[in-house]
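Data block below; observations after.
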Amino acid sequence: MKIFADLHIHSKYARATSKDMDIEHLTKYGRLKGLNLIGTGDFTHPEWLKELKQKLQPVEDTGLYVYDNMNFMLTTEVSTIYSQDNKIRKTHHVIHVPSFDIVDQINEELKKLGADLGIDGRLLLNGRTSVELVELLIKIYKGTLIVPAHIWTPWFSVFGSKSGFDSIEECYQDQIKHIYALETGLSSDPKMNWRLSPLDKFTLMSNSDCHSPWPWRLGRECNVFELKQLTFWEILDAVKKKDKKRFLFTVEVEPAYGKYHWTGHRNCNIRLSPTQALKINDICPKCGRKMTIGVEERVEELADREEGVVPKNAIPFKSLIPLSELIKTSFKIDTLYSKTVWSEYNKLVENFDNEFNVLLDAPREELEKITRKQLADVIIKNREGRVKVLPGYDGVYGVPIFDELEFKRLQEEQKNIRLHSQKKILDFKGP
């Protein structure tokens with residue numbers, strides 16, 4: 001049984017999320033995507049938990065729940081903010097458990113710590129450390145799967161340039177024994193993480209962390225398992241053991257597509273590679289302020305290996321841009337919400353059952369029977385990892401480019417912006 005699992009999402013009760021982030025829409029669009037297991041997200045929020053209990057039915061002896069033939073795992077994300085070594089640390093953790101009874105116990109203990117569960121779907125645990133959170137969770141249920149979230153994101157992660165640590169051990173200390181997996185996040189992929197030998201012992205997972213249910217968000221990153229029986233404990237065991245027979249691969253977007261891949265400054269339209277940024281000490285060449293350090297630069301800072309190393313027993317990955325993005329760019333349409341995008345998307349999904357079948361398996365000749373040759377070419381390029389992306393930076397998504405001349409034009413445009421700005425900064429005395 002092949003399982004496509006996106007285990008980090010948010011509900012409509014989290015900040016900056018779509019009102020359609022509910023069980024019905026997650027089920028509808030998850031099915032279109034090709035997912036068959038979705039994390040519930042936000043189980044600490046009282047209103048969302050109430051909805052989950054009303055709508056989800058337990059699947060006996062599996063530690064999972066079901067709604068309209070879609071499987072769900074009980075998950076949430078908790079943000080810990082605290083001071084350690086004279087620095088404010090902001091770390092996000094994805095939590096997975098197998099029952100509502102365990103969820104209720106966790107929520108009761110969090111309330112005792114003073115947490116206000118109803119403010120945000122992503123719970124903020126202020127003044128409590130990552131170590132304390134893990135201790136609390138393991139005391140309640142020793143089989144809790146705790147995964148440091150999007151581990152390279154600048155603002156809220158274990159390695160974040162703004163508030164993170166230089167090692168997983170610094171963050172979790174004596175509780176490191178309960179951390180088996182790490183989440184790569186949109187702006188990194190396994191090959192970037194493979195450059196740090198201390199991460200070899202962890203299983204790398206990928207999830208969408210989506211705030212809307214549309215198929216260009218939900219499942220854009222996910223985990224693919226091959227299981228004899230779909231249960232919470234089977235997935236936990238496959239992750240803990242980094243079992244390549246059961247954990248087949250992760251689906252990743254090209255890291256440059258992520259919002260924090262390169263160093264940059266959004267207000268000044270400046271995006272820089274690690275080499276370019278380091279030459280000017282991460283100072284914006286346009287306004288003179290400190291830029292947001294990108295994931296690639298942060299990886300470069302901590303890496304102890306050259307590029308290209310593949311650790312023993314590493315879980316493979318496949319790099320894919322969502323189908324809606326391919327259609328939008330191929331058809332030269334301005335928005336993903338376009339009727340043309342949806343029409344072409346639905347036509348392909350109806351013929352190949354779901355988006356992952358289109359992206360991973362549909363033969364070129366069959367694609368060309370359904371859609372224009374140009375889009376079929378783009379889908380195959382995407383499958384083979386040949387899509388160029390103008391890198392994302394400082395909260396701005398990267399831009400997929402399929403025309404080589406257009407890609408070179410945009411590169412030259414960015415280069416000219418940098419050169420012009422660098423000349424201005426020579427006499428800049430600061431804001």
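Please treat every number below as a calculation from the coordinates, not as lab data. Not measured: the values here are computed from a predicted model. Because the Cβ atoms are built from the backbone with ideal geometry, glycine has one as well, and the counts that use them run over all protein chains shown.
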With each pseudo-label sitting 7 Å past Cα toward Cβ, what's the Lys177-Asp101 distance in nm, one decimal?
2.6
Cα convex hull volume per residue for the stretch 2-257 (Å³)
117
Given Cβ charges of +1 for Lys and Arg and -1 for Asp and Glu, the option among Pro190, Ser11, Thr27 whose Cα lies farthest towards the positive end of the dipole of the stretch 2-257 is Pro190
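Once you've got the Cα coordinates, tell me which of Lys53/Lys244; Lys2/Lys55; Lys90/Lys240; Lys228/Lys318 are over 29 Å apart.
Where the Cα-Cα span goes over 29 Å, the pairs concerned are Lys53/Lys244.
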Take Ser343 and Glu365, extend 7 Å from each Cα along the Cα→Cβ direction, and tell me the distance between the two endpoints in nm.
2.9
For the stretch 1-96, what is one quarter of the convex hull surface built on the Cα atoms, given in nm²?
7.8
Placed amide H near Gly118: partners under 5 Å, 5+ positions off or other chain
none
Dividing the convex hull volume of the alpha carbon atoms of the stretch 206-247 by its residue count, what do you get in Å³ per residue?
86
Would you please state the base-10 log of I(q)/I(0) at q = 0.11, 0.12, 0.13 1/Å for the chain, with intensities from the Debye formula using one equal scatterer on every alpha carbon?
-0.86, -1.02, -1.20
Go through Leu367, Asn313, Ile293 and say which Cα lies farthest out towards the positive end of the charge dipole of the chain; charges sit on Cβ, +1 for Lys and Arg, -1 for Asp and Glu.
Ile293
Taking the Cα centre of the chain as origin and charging only Cβ (+1 Lys, Arg; -1 Asp, Glu), how large is the dipole, in debye to the nearest 20?
1100
Would you mind pulling out the separation of the Cα centroids of the stretch 183-233 and the stretch 11-83, in Å?
17
Where nothing but the Cβ of Lys and Arg (+1) and of Asp and Glu (-1) is charged, how large is the charge dipole of the stretch 322-386 around its Cα centre, in debye to the nearest 20?
300
Across 10 Å bins from 0, what is the distribution of all Cα-Cα pair distances for the stretch 31-144, in whole percents?
13, 44, 29, 11, 2
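When Asp20, Asp243, Asp334, Asp282 are ordered from fewest to most other Cβ atoms inside 10 Å of their Cβ, what list results?
Ranked by crowding around the Cβ, least crowded first: Asp334, Asp20, Asp243, Asp282.
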So, in nm, how far is label Asp200 from label Gln374 when the simple model puts each one 7 Å beyond its Cα toward the Cβ?
4.7
Tell me which of Leu348, Gln54, Val131 sits at the most positive position along the dipole axis of the chain, charges placed on C-beta atoms (Lys, Arg +1; Asp, Glu -1).
Leu348
Working only with C-alpha atoms, what are the Rg and Dmax values of the stretch 57-99, expressed in angstrom?
16.3, 50
Between Thr263 and residues 5 or more places away or on another chain, which pairs have amide H atoms under 5 Å apart, with H built 1.01 Å from N, and which residues are they?
Leu272, Gly294, Glu297
Is any residue of the stretch 330-355 close enough, with backbone N under 20 Å, to a label point placed 7 angstrom from the Cα of Arg386 along the Cα-Cβ axis, and if so, which?
330-332
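Calculate, in whole percent, how much of the Cα-Cα pair population of the stretch 337-395 lies beyond 18 Å.
Here the long-distance tail beyond 18 Å is 38 percent of all Cα pairs in the stretch 337-395.
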May I ask for the distance between the Cα centers of the stretch 251-282 and the stretch 122-182, given as a whole number of Å?
25
Which of the aspartates and glutamates could a cross-linker span from Lys28 if the Cα-Cα distance has to be under 20 Å and same-chain partners fewer than 8 positions apart are dropped?
Asp6, Asp20, Asp42, Glu51, Asp68, Asp209, Glu221, Glu325, Glu344, Glu350, Asp353, Glu355
Once you charge only the Cβ atoms, +1 for Lys and Arg and -1 for Asp and Glu, what is the size of the charge dipole of the stretch 2-257 about its Cα centre, to the nearest 20 debye?
380
Spelling it out for Ile3: with amide H atoms placed in the peptide plane at 1.01 Å from N, the residues 5 or more places away or on another chain with amide H under 5 Å from its amide H are Phe225, Glu226, Leu227
So what is the calculated 222 nm ellipticity per residue for the chain, using -39500 (n - 2.57) for each DSSP H run with n of 4 or more, over all residues, to the nearest 500 deg cm²/dmol?
-10000 deg cm²/dmol
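What number does the stretch 181-260 give for Rg over Rh if you use C-alpha atoms and the Kirkwood radius?
My calculation of the ratio gives 0.98.
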Multiply the residue separation of Asn269 and Lys55 by 0.36 nm, subtract the distance between their alpha-carbon atoms, and state the gained length in nm to one decimal.
72.5 nm
